[in-house]
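Okay, so here's the structure we're looking at.
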Amino acid sequence: MYPQTHTTRERHETVPRLVMCGTLVEATTMRVQDVMTEDVQTVSPGTSADDAWNLMRTKGIHHLVVAEGHRVVGVLSDRDAGGLRGPSVRRNRTSGELMTGRVVTVPPTTTVRQAANLMRGRSIGCLVVTDSTRVVGIVTVSDLLGLLGQGADRGVVSTTRWTLKHRAPHRKRHQAANAW
């Protein structure tokens, strides 16, 4: 929390902070590199969809990066693969056929706010984090929700809430004119 030497005015002027993995980080400058998953699972476009689905279930993840060598060509999500009821979708198909080809990539220095707005604006579930052409991580909606769930390590600013002391009677609508 805040040191005891802060006055109320000084305490509210400080920058909100978050503690992630034991590290104190300023919330206004939180970067994608601070919340991304670094162990990115990749498959080739020729990998069978069933094998990709089994890899997702085994690792407990929802997104696979589809890459040819070091070049990202798509993202395969569990929804793309048909979900739990999708064996008929996956049968005799490759991950290259089911993947989403329009991959959104961001550098590690992108702020968490920018990443969240990008994901919300494009209605996507993940961003691939790249350092020039090399994949260094992935940020998913679950990562951002985990960050939100941890909350900011700051005090709650209390405000005075005014209550209504008396109420005026409601005006009746005129029957003939349908107006107030």
Residue among 93, 57, 79 that is at pLDDT below 90, over 22 Å from residue 149 (Cβ atoms) and among the charged types (D, E, K, R): 79
Residues of the stretch 47-86 classified as in contact with a Lys or Arg (Cβ under 8 Å, 6 or more places away or on another chain), surrounded by fewer than 19 Cβ atoms within 10 Å (Cβ to Cβ) and closer than 13 Å to residue 97 by Cβ, total: 3
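Go over the candidates 69, 46 one by one and state the one that is closer than 16 Å to residue 130 by Cβ and modelled with pLDDT of 55 or more.
Being closer than 16 Å to residue 130 by Cβ and modelled with pLDDT of 55 or more holds for just one of 69, 46, which is 69.
Would you check if residue 146 is part of a helix (DSSP H, G or I), of a type in the set (Gly, Ala, Ser) and either loosely packed, with under 12 Cβ neighbours inside 10 Å or over 17 Å from the mean Cα position of the chain (by Cα) (or both)?
no
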Matching entry among 109, 140, 105 (being touching a Ser or Thr at 6+ places or on another chain (Cβ under 6 Å) and modelled with pLDDT of 85 or more): 105
Test: residue in the stretch 63-85 that is among the hydroxyl-bearing types (Ser, Thr, Tyr) and outside any helix (DSSP H, G or I): yes
Test: residue in the stretch 94-110 that is assigned to a loop (DSSP other than H, G, I, E, B) and on the phi > 0 side of the Ramachandran plot: no
Given (1) over 21 Å from residue 32 (Cα atoms); (2) of a type outside the set (Ser, Thr, Tyr); (3) without any contact (Cβ under 8 Å) to a residue 24 or more places away in the chain, index of the condition residue 121 fails: (1)
Residue within the stretch 2-25 that is at pLDDT 85 or above and touching a His at 6+ places or on another chain (Cβ under 9 Å) present: no
Top-ranked residue in the stretch 39-50 [being in contact (Cβ under 8 Å) with a residue 12 or more places away in the chain and out of contact with any helix residue (DSSP H, G or I) (no Cβ under 7 Å at 6 or more places or on another chain); ranked as farthest from residue 106 (Cα to Cα)]: 48
Subset of the stretch 65-95 [hydroxyl-bearing (Ser, Thr, Tyr) and more than 21 Å from the chain's Cα centre (by Cα)]: 88, 94, 95
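Residue-wise test of (1) without any contact (Cβ under 8 Å) to a residue 12 or more places away in the chain; (2) among the hydroxyl-bearing types (Ser, Thr, Tyr).
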site	(1), (2)
58	yes, yes
65	no, no
69	yes, no
72	no, no
75	no, no
81	no, no
88	yes, yes
93	no, no
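The values are calculated or read from the model by the stated rules, or taken from the named source; none is laboratory data. Bear in mind the structure is a predicted one, so any value in this text is a computation, not a measurement. Glycine also receives a Cβ, built like all others from the backbone with ideal geometry; neighbour counts cover every protein chain displayed.
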